[in-house]
Amino acid sequence: MTIPIEGHHLQGLRGAITSTSNTSEAIEASVSELVQELVKRNQLTPERIVSLTFSVTNDLNACFPAAIARKQPGWENVALLDCQQMYVAEDLKYCIRIMAHVWLPIKQKPQHTYLGEASLLRPDRSPGK
């Protein structure tokens, strides 16, 4: 949805997770966990989600994360995109990053979602911080 929602502001949310391997099943499990946790922490409904961009490290190519996210109920109007993360030596392996644009209530603090090993990317935005 691109029309402003009264009492809400457009907010960018970030997050990441690592997959256990480069298989469709492992990537699907990781993407599902990341998306579900982002939705839960931010109390999101489909009409408040404008877009999600997934980026993956170059060692993940078994499937498209956006195709997995597209299976969420009510997400037919959510813009989804996949891209490959820029290669950096010593980067976290099997990493799936997400950037979401959502409408949050003005007084609600955004909850960025860095899970598992990916919490090393942003310790300041990981649980307990």
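I'd like the orientation of helix 24-41 relative to the chain: the angle between its Cα long axis and the longest Cα principal axis, in ° from 0 to 90, rounded to 10.
Once rounded, one gets 30 degrees.
Hey, in the GNM for the chain with a 10 angstrom Cα cutoff, which one of Ala16, Ala118, Ala29 fluctuates hardest?
Ala29
Give, rounded to the nearest 20 debye, the magnitude of the charge dipole that the stretch 8-120 has about its Cα centre when Lys and Arg contribute +1 at Cβ and Asp and Glu contribute -1 at Cβ.
540
If N is the number of residues in the stretch 8-120, what value comes out of its Cα radius of gyration divided by 2.2 N^0.38 Å?
1.02
Can you give the relative contact order of the chain as a percent, counting alpha carbon pairs under 8 Å and 6+ residues apart?
Over the chain, the number comes to 41 percent.
Readers should treat all values here as calculations from the given coordinates under stated rules, not as data from a laboratory. Note that this is a predicted model, so its numbers are computed, not measured. No Cβ is skipped: glycine too gets one built from the backbone with ideal geometry, and neighbour counts run over all protein chains shown.
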